[in-house]
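Asks: Questions regarding the structure given below will be posed in turn.
The values are calculated or read from the model by the stated rules, or taken from the named source; none is laboratory data. Model, not experiment: these values are computed from the prediction. So basically every Cβ, Gly included, is an ideal-geometry build from the backbone, and we count neighbours across all protein chains shown. Surface areas here come from the heavy atoms of the whole protein model, side chains and all, with no ligands, DNA or RNA. Shrake-Rupley method; radii C 1.70, N 1.55, O 1.52, S 1.80 Å.
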Amino acid sequence: MKRVKIFDTTLRDGEQSPGCSMNLSEKIIIARQLEKLGVDIIEAGFAIASPMDFKSVQTIASSVSDITVASLARANKKDIDCAWDAVKNANHPRIHLFLATSDVHMQYKLRMTREQVLQTISEMTAYAKSKCADIEFSAEDASRSDREFLAKCFSNAIAAGATTINVPDTVGYSTPQEMGDLISYLMEHVEGIANVDVSVHCHNDLGMGVANSLACVKAGATQVECTVNGIGERAGNASLEEIVMAIKTRRDFYDADTNIDTRQIYKSSKLLSNIIGVPISPTKPIVGANAFAHEAGIHQHGVINNAQTYEIMNPDEIGVPHRALVLGKHSGKHALRERLETMGYEINDEQLEDIFTRFKKLADQKKTITSSDLEALTLYHSGIVRDEREESATTCQVVSHAINSSKEAPKIAYVKIKRDDEILDGVAMGAGPLDAAFKAINNMLGTDARLEDFSVRAVTDGEDSIGEAVVKISSVSTGENYTGTGISTDIIEASLQAYVNGINKMFEESR
């Protein structure tokens with residue numbers, strides 16, 4: 001049984017998708033969780049894209065220890081030098097080099113001939129190899145490239161020192177049959193291919209990213225590039241959780257396995273969703289809320305008698321927490337820690353104090369606390385109240401609020417905020433209660449934040465469920481976008497928390 005490597009590009013390709021941006025501390029949180037998940041390679045970013053991208057790649061390279069850290073680079077010396085500078089302190093660094101090989105890309109984007117492309121691949125792969133032992137070469141738009149020419153490109157890359165060749169379906173155009181046939185063709189026609197990893201990177205424009213990736217695994221690919229929750233440019237990338245669980249569930253068919261600790265899948269998915277403020281669809285395979293729900297009577301009857309009648313996976317395998325009622329307002333820290341540890345969360349004493357404070361506040365608002373409530377509190381801590389928070393120039397917290405939302409009277413909001421050790425308060429009028437509250441916050445903190453998007457949803461069950469608010473704000477002066485998240489049984493409070501959380505991120509990046 002062969003082992004398929006999982007190359008996670010959530011922090012590079014995934015973060016490039018609109019609305020999925022993360023700041024440095026959030027990227028570190030995701031990188032560490034990916035290490036716990038057991039991915040083989042993290043693509044930490046595109047180092048030359050911006051000073052912040054470089055810093056992100058460099059910091060992540062020093063923040064993980066057991067996995068390979070890669071930076072993307074175009075096929076030129078400047079990109080390669082920057083990528084190497086960013087990853088060189090990693091225990092296992094990789095430079096991920098790419099150059100387009102399809103006729104349409106070579107003619108209209110690169111303006112290069114086939115001969116020039118072949119020469120560039122050889123020269124730049126060799127140059128990258130002179131700096132780093134682990135080199136991946138990607139032929140951008142490989143699925144639309146001439147196969148014979150593509151084989152020559154990969155042969156040149158291997159001869160120049162590439163240790164992994166990547167076959168991207170860059171625009172999600174291919175089908176499973178075509179991708180499988182392409183891998184089979186390359187296996188027979190690329191010189192030296194038996195000595196390197198064969199990777200695939202499939203986009204989901206036609207909804208076949210996962211199917212295409214799996215067809216390549218069946219045909220002999222030994223590495224799959226994917227993202228948590230399938231986030232990525234346009235319609236997204238192949239979904240990590242779907243690929244991993246398909247290989248595990250159908251081990252008999254694929255004759256393959258991965259190094260993923262599947263019990264960390266659900267936590268990884270929810271953590272990413274919490275950080276970027278993009279909810280998971282209820283019908284999302286593996287991690288959606290309905291993935292293990294059964295409403296039809298005949299299904300319920302079958303599952304009660306034998307879960308295998310309608311469940312091809314055990315929810316425990318991916319770390320879905322049990323929904324039993326577990327704790328109440330009289331429970332102590334030891335009971336809380338024990339329950340969180342059984343749910344797969346590793347927390348230190350400082351984190352426990354923070355979660356316990358939130359737990360006690362929630363217990364005063366709800367009669368019973370469920371595992372899903374604890375999950376929401378813990379993910380909120382992991383994604384928002386960060387270990388790196390002491391590095392932030394300014395940390396603001398909502399202390400209290402009072403809002404007049406009467407239909408006949410002006411919408412007036414009074415908000416009190418703690419900024420570091422200082423207490424501020426302010427009053428403002430607005431078109432609605434939240435508009436007034438957000439204006440009061442802006443006035444108090446002297447920010448130019450502008451609300452771009454706002455949503456609120458229930459993240460736990462019942463009439464006293466926890467509400468999660470997500471705001472997307474932008475800075476008028478810089479044009480940068482930030483996502484803020486807040487949770488509370490009071491949706492107004494959650495909304496104010498989310499807005500202030502977004503402003504904290506704005507402050508953090510401006511320091």
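Asks: Give 246, 289 a once-over and let me know the one that is free of Cβ contacts under 8 Å to residues at least 40 places away in the same chain and surrounded by 19 or more Cβ atoms within 10 Å (Cβ to Cβ).
Replies: None of the others qualify; the one that does is 246.
Condition check ((1) under 21 Å from residue 377 (Cα atoms); (2) of a type in the set (Ser, Thr, Tyr); (3) open to solvent by 20 Å² or more (accessible area, probe 1.4 Å)) across all residues:
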position: 431; (1), (2), (3): no, no, yes
position: 435; (1), (2), (3): no, no, yes
position: 442; (1), (2), (3): no, no, yes
position: 445; (1), (2), (3): no, no, no
position: 455; (1), (2), (3): yes, yes, yes
position: 460; (1), (2), (3): yes, yes, no
position: 468; (1), (2), (3): yes, no, no
position: 493; (1), (2), (3): yes, no, yes
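Asks: Okay, moving on. Would you call residue 469 under 31 Å from the mean Cα position of the chain (by Cα) and free of Cβ contacts under 8 Å to residues at least 12 places away in the same chain? Give the steps one after another, and end with the answer.
Replies: Values: under 31 Å from the mean Cα position of the chain (by Cα): yes; free of Cβ contacts under 8 Å to residues at least 12 places away in the same chain: no.
No, not satisfied.
Asks: While we're looking at this one, here's another question. Would you pick out the residues in the stretch 184-196 that are within 12 Å of residue 222 (Cβ to Cβ) and surrounded by 20 or more Cβ atoms within 10 Å (Cβ to Cβ)? Show your work before the answer.
Replies: Narrowing the stretch 184-196 to residues within 12 Å of residue 222 (Cβ to Cβ): 187, 193-196.
Of everything in the stretch 184-196, just one residue is within 12 Å of residue 222 (Cβ to Cβ) and surrounded by 20 or more Cβ atoms within 10 Å (Cβ to Cβ), namely 196.
Asks: Picking from 138, 155, 145, which residue would you name as being modelled with pLDDT of 95 or more, over 17 Å from residue 196 (Cα atoms) and small (Gly, Ala, Ser)?
Replies: Result: 145 is the single residue among 138, 155, 145 that is modelled with pLDDT of 95 or more, over 17 Å from residue 196 (Cα atoms) and small (Gly, Ala, Ser).
Asks: Can you tell me which residue in the stretch 39-67 is least open to solvent (accessible area, probe 1.4 Å), limited to those that are free of Cβ contacts under 8 Å to residues at least 12 places away in the same chain and more than 18 Å from the chain's Cα centre (by Cα)? Outline the logic, then answer.
Replies: If we filter the stretch 39-67 for residues that are free of Cβ contacts under 8 Å to residues at least 12 places away in the same chain, which is where we start, we get 49-51, 53.
Retained after the next criterion (residues that are more than 18 Å from the chain's Cα centre (by Cα)): 49-51.
Details: 49: 64, 50: 36, 51: 114 Å².
It comes out as 50.
Asks: Residue by residue through the stretch 16-36, note down the ones that are in contact (Cβ under 8 Å) with a residue 60 or more places away in the chain and either of a type in the set (Val, Ile, Thr) or part of a loop (DSSP other than H, G, I, E, B) (or both).
Replies: Passing the criteria: 16, 17, 19, 20, 21, 22, 23, 28, 29, 30.
Asks: Tell me the residue from 122, 63, 50 that is out of contact with any Leu (no Cβ under 8 Å at 6 or more places or on another chain) and at pLDDT below 95, please.
Replies: Criteria check complete, one pass: 50.
Asks: Is it fair to say residue 262 is open to solvent by 20 Å² or more (accessible area, probe 1.4 Å) and touching a residue at least 40 places away in the same chain (Cβ under 8 Å)?
Replies: no
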